[in-house]
1. With of a type outside the set (Gly, Ala, Ser), part of a loop (DSSP other than H, G, I, E, B) and touching a Gly at 6+ places or on another chain (Cβ under 6 Å) as the only criterion, which of Thr267, Thr199 stands out?
2. Is it the case that some residue within the range 227-241 is hydrophobic (A, V, I, L, M, F, W, C), farther than 21 Å from Ile13 by Cβ and assigned to a loop (DSSP other than H, G, I, E, B)?
3. If you take the residues of the range 78-103 that are charged (D, E, K, R) and either in contact with a helix residue (DSSP H, G or I) (Cβ under 9 Å, 6 or more places away or on another chain) or under 14 Å from Leu67 (Cα atoms) (or both), which of them is surrounded by the fewest Cβ atoms within 10 Å (Cβ to Cβ)?
4. So for the range 136-154 (the condition being modelled with pLDDT of 95 or more, assigned to a loop (DSSP other than H, G, I, E, B) and closer than 26 Å to Ile66 by Cβ), does at least one residue qualify?
5. Output yes when any residue across the range 162-179 is of a type in the set (Lys, Arg) and surrounded by 14 or more Cβ atoms within 10 Å (Cβ to Cβ), and no when none is.
6. Given the residues Arg24, Arg51, which is the only one that is over 19 Å from the mean Cα position of the chain (by Cα) and farther than 15 Å from Val86 by Cβ?
7. Considering every residue within the range 209-221, establish whether at least one is outside any helix (DSSP H, G or I) and at pLDDT below 95.
8. At pLDDT 95 or above, in the same structural domain as Ala260 (by TED's automatic domain parsing), in a loop (DSSP other than H, G, I, E, B) and on the phi < 0 side of the Ramachandran plot: which single residue out of Leu47, Leu53, Leu38 fits that description?
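The values are calculated or read from the model by the stated rules, or taken from the named source; none is laboratory data. No experiment lies behind these values; they were computed from the predicted model shown. Positions of Cβ are backbone-derived with ideal geometry, glycine not excepted, and every protein chain shown enters the neighbour counts.
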Amino acid sequence: MRIQKAAVIGHPIGHTLSPFIHQRLSSLSGVPMEYCVLDVPDLPAALPALRGLDCFNITIPHKSAILPYLDFIDPAAKEFGSVNTVQVKEGKLYGFTTDGAGCRKALENSGASFGGELLLLGNGGAARAIAFEAAQSVENFHITIAHRPGSREKAQALGQELAAFARRRGDRDFWICIETYEELELDKSKRYDLLINCTSVGMYPKAGESPVPQSVVARCATVFDAVYNPARTRLLQMAEAAGAKAIGGMEMLVYQAVRAHEIWFGTRFDPAALTALCRDAERELIRRFSEEAGA
């Protein structure tokens with residue numbers, strides 16, 4: 001098989017483990033791959049080069065912005081309004097989403113699930129994919145979507161789309177709430193089975209920040225942070241201090257990449273090898289930033 005040309009695109013995209021993970025998956029599957037990092041500030045201008053690849057992944061801020069430029073969108077990705085995985089066939093772009101599946105797998109591996117009261121922080125591409133994954137995984141799902149003042153319309157639109165999805169599915173007992181972060185803090189009686197952070201707050205280099213205060217975290221049984229750098233974010237430290245189950249974003253990153261390889265090449269992987277990859281990816285993250293700190 002010829003060498004597959006692949007990449008991850010985003011902006012900014014200076015620190016990413018995607019090449020490490022995808023090259024390891026390439027070695028495990030036997031599919032040769034060259035995987036590079038492309039900083040893409042102007043998505044339309046980059047399209048000719050992207051059409052020359054075999055496949056690529058998408059991160060912030062292009063997961064929704066890519067939709068109008070795709071020649072085909074997987075029904076789930078279209079429903080979710082987010083694409084993070086693209087296959088290129090004869091110059092045409094085929095879009096898929098693997099974020100939701102990656103999050104679900106990471107939760108399952110830690111003995112958690114989307115069931116119960118869900119608190120979602122953020123309303124971007126990853127948040128959309130995870131929200132819809134939760135909606136289709138749980139009967140009578142309950143979700144609170146927290147938003148910053150400037151993104152109220154975006155959060156409300158997501159809520160309306162989730163409600164429409166639930167009605168089409170015949171869900172009679174779904175519950176969707178849209179709140180500001182301030183309202184979230186004021187409603188001290190509300191408890192959550194699962195908090196999912198899909199914002200970039202707490203990501204390197206602003207690793208000391210948390211999207212919500214301890215008073216909110218203390219009302220959550222499980223906290224999942226999609227941020228994987230650092231591996232132990234301030235939000236996860238607060239969750240551990242409150243006695244909650246704390247789950248980092250590395251496994252989501254690995255398993256959404258696994259799903260991408262399944263789409264691109266039809267490959268399947270040994271579960272033990274994937275568990276080892278998750279551990280090695282965390283070690284690689286620590287190694288890189290130890291070197292940077294010592295530079």
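1. Values: Thr267 fails: touching a Gly at 6+ places or on another chain (Cβ under 6 Å).
Residue meeting the stated conditions: Thr199.
2. Residues of the range 227-241 that are hydrophobic (A, V, I, L, M, F, W, C), as a first pass: 227, 231, 235-236, 238-239, 241.
From what's left, farther than 21 Å from Ile13 by Cβ: 235-236, 238-239, 241.
Next, only the ones that are assigned to a loop (DSSP other than H, G, I, E, B) stay: none.
Looking through the range 227-241, none of the residues is hydrophobic (A, V, I, L, M, F, W, C), farther than 21 Å from Ile13 by Cβ and assigned to a loop (DSSP other than H, G, I, E, B).
3. Applying the filter and picking the extreme gives Lys92.
4. No, the conditions are met nowhere in the range 136-154.
5. no
6. Numbers: Arg51 fails: farther than 15 Å from Val86 by Cβ.
Going through Arg24, Arg51 in turn, the sole match is Arg24.
7. No.
8. Going through Leu47, Leu53, Leu38 in turn, the sole match is Leu53.
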